[in-house]
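Asks: Pasting in a structure now, in structure tokens, and then I'll have a few things to ask.
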Amino acid sequence: MRLRCMVAAGAAVLALAAVSGCGGSGEGGGVPADGDGQSAGSGGRLMDGGTDGHRPQAATMADIETFVSQRTTCTDLHMEDKDSEHEDDPEAVGVGKLWGIKERGVCWGDDRNGVTLMSVDDMKSFQTQAKKREQDGWYLLGEDFVVTGGSTTRGDLKGSGILAFVCDPEDPIPSGYKKEKALVDGCTLTDFIS
């Protein structure tokens, strides 16, 4: 009987701790919440992943820039439908139905390497085209956006909730890392970002 009372008291303490840990705009100085525990970006929702198994979401280019800038350097953002060096390639990564990209922009990291931000409205199309490129781990995917960048940017984005897109069976993912089925056969999403 005494053990049952102790278990009930412990459960009540845990429930109270969970409720008091929720975000809100109380006197505790916490960040105001929008009701879902998500922070709002300019014009859209920005949600970090990693804690609940979902990848982060960013509805607008400003939200993607904010997500990246909170973790690494992203300066001088400018919009580019395609890289200028691939302007004439009809299958190059670019805005449009083929890749499922709604908007594409480029900013600069600390190492002066380009960081590409892509707002994606058809992730299956994106993954289908990315698989053809055979650039394993190059594309870092959120729920509705993709980021690419140099080694410094990639290192800074580890642990942010975005996952690397990997399709090469010859390049195994080490044990202990997340392995999530991608939208195209033979590919995996992983938090192993090298």
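Asks: Give, in nm to one decimal, the length gained when the segment between E180 and D81 is fully stretched (0.36 nm per residue of separation minus the Cα-Cα distance).
Replies: Working it through step by step, the gained length comes to 32.7 nm.
Asks: Tell me, what is the 1.4 Å probe accessible area of V68, in Å² to the nearest 10?
Replies: About 0 Å², ignoring ligands and nucleic acids.
Asks: Pairs K82/K131; K102/K181; K82/K124; K82/K179: which exceed 27 Å Cα-Cα?
Replies: K82/K179
Asks: Given axes a ≥ b ≥ c from the Cα gyration tensor, I'd like to know whether segment 95-194 is rounded (a/c under 1.5), prolate (a/b larger than b/c) or oblate.
Replies: Oblate shape, in that a/c is at least 1.5 and b/c is the bigger or equal ratio.
Asks: Rolling a 1.4 angstrom probe over the protein chains, ignoring ligands and nucleic acids, what is the accessible area of R133 in square angstrom, nearest 10?
Replies: 90 Å²
Asks: Additional query: Leaving ligands, DNA and RNA out of it, work out the accessible area of T148 with a 1.4 Å probe and give it in Å² to the nearest 10.
Replies: For T148, solvent-accessible area is about 10 Å².
Asks: Pick out, in residue order, every one of the GluC sites (Glu not before Pro) in segment 123-194 that is DSSP loop and has at most 14 other C-beta atoms within 10 Å; say none if there are none.
Replies: Sites meeting the loop and neighbour criteria: E134, E170.
Asks: Excluding residues on the same chain fewer than 8 positions from K178, give the lysines whose Cα lies under 18 Å from its Cα.
Replies: K158
The values are calculated or read from the model by the stated rules, or taken from the named source; none is laboratory data. None of the values given here were measured: they were computed from a predicted structure. Don't worry about glycine lacking a Cβ; one is built from the backbone with ideal geometry, like all the others, and counts go over all protein chains shown. Keep in mind that these areas ignore ligands, DNA and RNA; they rest on the heavy atoms of the full protein, side chains included. Shrake-Rupley method; radii C 1.70, N 1.55, O 1.52, S 1.80 Å.
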